[in-house]
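Beneath this line is the structure, given in structure tokens, with notes to follow.
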Amino acid sequence: MSQVETHAFQAETREVLRLVIHSLYSHKEIFLRELISNASDACDKLRFEAVTDASLLGDDGDPAIELVVNAEARTLEIRDTGIGMGRQELIEHLGTIARSGTRSFLAQLSEAQKGDAQLIGQFGVGFYSAFIVADRVDMISRRAGSNEAWRWSSDGSGEFTVEPAERAQRGSSVILHLKPEEDEFLQAWTLKSLVRRYSDHIAFPIRMAKPPAAVEDGEAEDAEPAAQPELEVLNEAKALWTLPKAEIQDVDYQAFYKHISHDFADALAWTHNRVEGNQNFTSLLFVPERAPFDFQFDRDQRKGLKLYVKRVFIMDASEQMLPSYLRFMRGVVDSDDLPLNVSRELLQNNRQIDKLKSAVTRRTLDLLDRLAREEGEKYLQFWNAFGGVLKEGVSEDTANAERIARLLRFASTKSAKADELHSLEDYVARMPAGQKAIYYLTADGWAAAANSPQLEALKARGVEVLLLHERIDEWMSGYLREFDGKPMKNIAKGELDLGDLPDAEEAKKQHEEASKAAAPLVEALKTALGERVREVRVSQRLTESPSCLVLEEYDMALHLQRMMRAAGHDVPAPKPSLEINPQHALLKRFEAEADGERREQLAIVLFEQAQLAEGAPLEDPVGFIRRINSLLLAA
Ligand code: ADP
């Protein structure tokens, strides 16, 4: 009876494999870095499990990695004595992609994008990169502590097989049957230089057989083949973060970043610190250049900050050591003080961990702060990738609220485009004498914000207004109450207070007079609109538009109400007030209109226009068209 089982790859896996093979071909040598990274992770895991169960080490010595070339069979083997995998693990880890959002990400790719290495690299590449250079890949693995070994094998098209195998040591071997044109990866010097370039500071030794000493002509026949070829260590095998900063070059940091993050792109910036005192630890923290493809889908994704204790990898402890709003950070924290057998439970509610967490937070904010001050372009790149996540910090981390507020960037009425951004500090520096508050407007999208009628009067006075047009902004602005001692004021809510701006007094007086003069007009509109509005009043905000909708100070913004309702939440629906501009011709027309029915039509159209300007869908679009047409024809 054959013991070979055949399994089909999950559909997404097949597609990712195909894309990786085709689009990453021009960067084919990354397969070695990826497979060595996996081997190093497996060695890390073994070392951790062996802390509590030394028997796992058996007679197989310290975990290490070895490259084995078989020139005749044209195979390259990446062998590790790490944790290994059992049958089920082989099937699950190497047959499926357990990342939510993969399917929709793939569906969105255009044909051109499918060839874009940077884009496809967002998958994190990993094990499947083996198929860039190999037309068949075998993985033979034996889980530490078990006697069984298994062989996983595939040509990377649709299926893979799993069958029992022999393996003397614990750990895994990835055997690449190289494609005909990939002979270079059988060359010792190619492998050596790739290891130096990409994997020098992996903490485990990477060994390879020394090439046989050059033999004299004629002696070759008699030469005894060596029983055990002599091995040489190809890499430094010292964990990068343990080295003095002065000895580390940027390329080393970048190679190490790729090793821990499996990112295809470079890191944007990093900070490397050794702290000695009450607690001794080293942190090496990286800001990625861009978000992984599933970052948006997987809000709970908290991966990428590795906790080591005295050089021994303990676990991914992002959840314990990174606040949620900094979940994009990648890196390593190595503590000298925590116990080696630290468990997940112990990490919860642990004062030492809390201290590490605030240190990581502080270092990260320092790094972002430095980028913002010294490398504006890089900071914008960071902001475009992760600004939306950082904004969550405004409510999440009140202790650092001021620092986070300094890192925020917004569009404003001084921006010609949505991506022309300003800091709160810049805004405050530009505030004219007499302006007391930081004015802002929230809206659903840049266009709705930039064209909002609410802005008219402030624009006419040359007062800058921040345009908060992203989804999270409405919620965030609820927590961002002030900056630099100046209150934040939403101009679409409550009375518009012009503070001590020039002519504020005069404007107030004019407004009172206009309100008095328009009292009958306001009354008539109120009657016509009835239940639709809370109130009708003369606006201080409008100069060009006839009308706009205004909420009370603590009402939830209209677009947010709509969003919450669409998501199935039961939210209160406070009625907006209608503000009018009595100088506008439409209101003059309303006043002059003698026909009762037409008067009512005009009143409702004024309300509906204000809804449209705010981005709201109309309750009765057909009625709106009928009213407009009837008014047009009467004109
Ligand atoms: P990732 O490393 O991003 O999870 P990979 O496709 O590279 O994705 O690997 C999938 C999984 O297979 C790994 O998470 C790991 O559990 C397992 N794996 C890969 N290589 C090895 C190895 N050499 N030893 C043990 N497990 C491995």
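Derivation of every value follows stated rules applied to the coordinates shown; laboratory data play no part. Everything quoted here is computed from the prediction, not taken from an experiment. Backbone-built Cβ (ideal geometry, glycine too); neighbour counts: all protein chains shown.
In Å and from the alpha-carbon atoms only, list the Rg and Dmax of segment 5-214.
For segment 5-214, the Cα-based Rg and Dmax read 17.2, 56 Å.
Under a 5 Å amide H to amide H cut-off, with H placed in plane at 1.01 Å, what residues pair with Thr543 once short-range neighbours are removed?
Here the answer is Glu456, Ala457, since their amide H atoms fall under 5 Å of that of Thr543.
If you wrap segment 508-564's Cα atoms in a convex hull and average its projection over all directions, what's the area in nm²?
5.1 nm²
Would you mind checking Lys245/Lys310; Lys414/Lys516; Lys114/Lys179; Lys486/Lys575 for any pair whose Cα atoms are more than 26 angstrom apart?
Values: Lys245/Lys310 18 Å; Lys414/Lys516 34 Å; Lys114/Lys179 22 Å; Lys486/Lys575 29 Å.
Exceeds cut-off: Lys414/Lys516; Lys486/Lys575.
Which semi-axes, in whole Å and largest first, does the equivalent ellipsoid of segment 312-451 have when worked out from the alpha carbon gyration tensor as the square roots of 5 times its eigenvalues?
In descending order the semi-axes read 37, 15, 14 Å.
Rounded to the nearest 5, what % of the DSSP beta bridges within the chain are antiparallel ones?
Around 80 percent antiparallel, to the nearest 5.
Enter the Cα centre distance for the pair segment 482-547 and segment 66-126, rounded to the nearest angstrom.
61 Å
Can you put Ser153, Ser335 in order, fewest other beta carbons within 10 Å first?
The order, fewest Cβ neighbours first, is Ser153, Ser335.
Using the C-alpha atoms of segment 465-580, what convex hull volume per residue, in cubic angstrom, is computed?
Details: hull volume 14.8 nm³, N = 116.
Dividing the Cα hull volume of segment 465-580 by its residue count gives 128 Å³.
Treating only the Cβ atoms of Lys and Arg (+1) and Asp and Glu (-1) as charged, compute the dipole magnitude of the chain about its Cα centre; round to the nearest 20 debye.
The dipole of the chain has a size of about 1980 debye.
Send over the Kirkwood Rh of segment 106-210, from the inverse of the averaged 1/r over different Cα pairs, rounded to one decimal Å.
When all Cα pairs of segment 106-210 are included, the Kirkwood radius is 16.5 Å.
How many angstrom lie between the C-alpha centres of segment 428-442 and segment 330-405?
Between the Cα centre of segment 428-442 and that of segment 330-405, the gap is 30 Å.
Among rounded, prolate and oblate, which fits segment 400-504 when a ≥ b ≥ c are the square roots of the eigenvalues of its C-alpha gyration tensor, a/c under 1.5 means rounded, and a/b larger than b/c means prolate? Don't jump to the answer; show the numbers that get you there.
Values: a/c = 1.43, a/b = 1.09, b/c = 1.30.
In terms of gyration-tensor shape, rounded.
Express the Stokes-Einstein translational diffusion coefficient of segment 241-380 in µm² s⁻¹, to the nearest whole number, given a Kirkwood radius over alpha-carbon pairs, 20 °C and a viscosity of 1.002 mPa s.
The diffusion coefficient I find is 138 µm²/s.
Quick one: in segment 504-634, what % of C-alpha pairs are over 21 Å apart?
44 percent
Considering Cα pairs under 8 angstrom that are at least six residues apart, work out the relative contact order of the chain and quote it in whole percent.
Here the relative contact order equals 9 percent.
Could you put Leu407, Leu466 in order, starting from the residue whose Cβ has the fewest other Cβ atoms within 10 Å?
Leu407, Leu466
Got a sec? How would Phe31, Phe256, Phe295 order by Cβ neighbour count within 10 Å, fewest to most? Spell out each step's value before the answer.
Values: Phe31 29, Phe256 25, Phe295 18.
Neighbour counts put them in this order, fewest first: Phe295, Phe256, Phe31.
How large is the convex hull of the Cα atoms of the chain per residue, expressed in Å³ as a whole number?
Once divided by residue count, the hull of the chain is 211 Å³.
If packing is taken as the average count of other Cβ atoms within 10 Å, what order do 61-68, 87-94 fall into, highest mean first?
61-68, 87-94
Calculate the length of the line joining the C-alpha centroid of segment 452-480 to that of segment 270-294, in whole Å.
When both Cα centres are located, 35 Å separates them.
Using mean Cβ contacts within 10 Å as the protection proxy, how do 421-434, 510-523 order, highest first?
Top of the packing list down: 421-434, 510-523.
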